[in-house]
Amino acid sequence: MGLRETKKERTRRDIADAAMRLFIQRGFARVTVADVAHEAGVSEKTVFNYFPTKEDLFFDEVDEREAALVAAIRDRRPGESVPAALRRHQNVDCGRMCTQGFAAFARLIDESPALRVKELEVMARLQRTLAVALEREAGCSEVEARVAAALLVGVHWTFFVTARERALAGQFGPAAARRLRADLARAHELLERGLGDLGVERVPV
């Protein structure tokens, strides 16, 4: 990354960090783009150059996380399935999603209809991106890629929403992270095996 790109990335990060500070202090609805610009020490035009909407300021990591999901598929281990690769990737986030900091993030979404609408857009975008990645990186047909992407994003979103609900309920720390990892493992087990045994009583070994 060159000097110019590094400076642009730093500016983008400074704006996003300033926005999140204000969102947590005041609530999403009570912060304007002008407030963010003032806090970051830039013009409103500069803010909009990096973030088209106020909601994009909140979901500032979408590009990075989208790229990481694609990389997890592309760079999976030899013989490793796509669900297994994504499970390994998502496991890393379990600890972060069981912290008080994540609870503050979750509360903002819970209190904002605008952010919940934006979340729908983000998940739809991830689904489209994963479908393309599955065709290119996993050799799926178009219909296979679309169906698989819908299922994979469904697990990803459920994982995210479940973590939010538990964080808001005050469930933090290692025990909460272990429970989240166990739930994630079960979700990916369903993906790996299909739903043919769903609802069928499993006999303890």
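The values are calculated or read from the model by the stated rules, or taken from the named source; none is laboratory data. Bear in mind the structure is a predicted one, so any value in this text is a computation, not a measurement. All Cβ positions, even for glycine, are placed from backbone atoms using ideal geometry, and neighbour counts span all protein chains on display. Just the protein is used for accessible areas: all its heavy atoms, side chains included, with ligands, DNA and RNA removed. Shrake-Rupley method; radii C 1.70, N 1.55, O 1.52, S 1.80 Å.
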Item to complete: From the C-alpha gyration tensor of the stretch 34-90, pull out the three semi-axes of the equivalent ellipsoid (sqrt of 5λ each), sorted largest to smallest, in whole Å.
Response: 37, 9, 8
Worksheet, complete the sentence: About its Cα centre, the chain carries a charge dipole, from +1 on Lys and Arg Cβ atoms and -1 on Asp and Glu Cβ atoms, whose size in debye to the nearest 20 is 420
Worksheet item: Taking the Cα atoms only, what angle lies between the long axis of helix 173-193 and the longest principal axis of the chain, rounded to 10 degrees?
Response: 50
Discussion item. Suppose every Lys and Arg Cβ carries +1 and every Asp and Glu Cβ carries -1, with no other charges. What dipole size does the stretch 102-150 come out with about its Cα centre, to the nearest 20 debye?
Written reply: 120
Worksheet entry | Cross-link reach list, lysines versus Lys8, counting only Cα pairs under 21 Å and skipping chain neighbours closer than eight places | Lys45, Lys54
Worksheet entry | nm² value of the averaged projected area, convex hull over the Cα atoms of the chain | 14.5
Worksheet, complete the sentence: Dimensionless Rg/Rh of the stretch 126-185, both radii on Cα and Rh by Kirkwood, sits at 1.16
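Can you give me the accessible area per residue for the stretch 80-199, using a 1.4 Å probe, in Å²? It would help to have the intermediate numbers written out before the result.
On the way: 6260 Å² over 120 residues.
Heavy-atom SASA per residue in the stretch 80-199 reads 52 Å².
Can you give the Rg to Rh ratio for the stretch 80-154, taking only C-alpha atoms and Rh from Kirkwood? Walk me through the intermediate numbers first.
Values: Rg = 14.9 Å, Rh = 14.0 Å.
With Rh from the inverse mean 1/r over Cα pairs, Rg/Rh is 1.06.
What GluC sites (Glu not before Pro) does the stretch 13-70 have in DSSP loop regions with at most 10 other beta carbons within 10 Å?
Values: sites: Glu39, Glu44, Glu55, Glu61, Glu64, Glu66; in loops: Glu61.
When the GluC sites (Glu not before Pro) of the stretch 13-70 are filtered for loop state and at most 10 Cβ neighbours within 10 Å, Glu61 remain.
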Item to complete: Mind checking the full-extension length gain between Asp110 and Arg26? Use 0.36 nm per residue of separation minus the Cα-Cα distance, one decimal, nm.
Response: 28.8 nm
Worksheet item: Calculated from DSSP H runs of 4 or more alone, at -39500 (n - 2.57) each and per residue, what is the 222 nm mean residue ellipticity of the chain, nearest 500?
Response: -24500 deg cm²/dmol
Discussion item. So, R0 is 35 Å and r is the distance between the beta-carbons of Lys7 and Asp183; what FRET efficiency does that work out to, to 0.05?
Written reply: 0.25
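Quick one: dipole size for the stretch 99-199, taken about the Cα centre, charges +1 on Lys/Arg Cβ and -1 on Asp/Glu Cβ, in debye to the nearest 20. List each step's numbers first, then the result.
Details: 14 positive and 13 negative charges, 72 e Å.
Around 340 debye, computed over the stretch 99-199.
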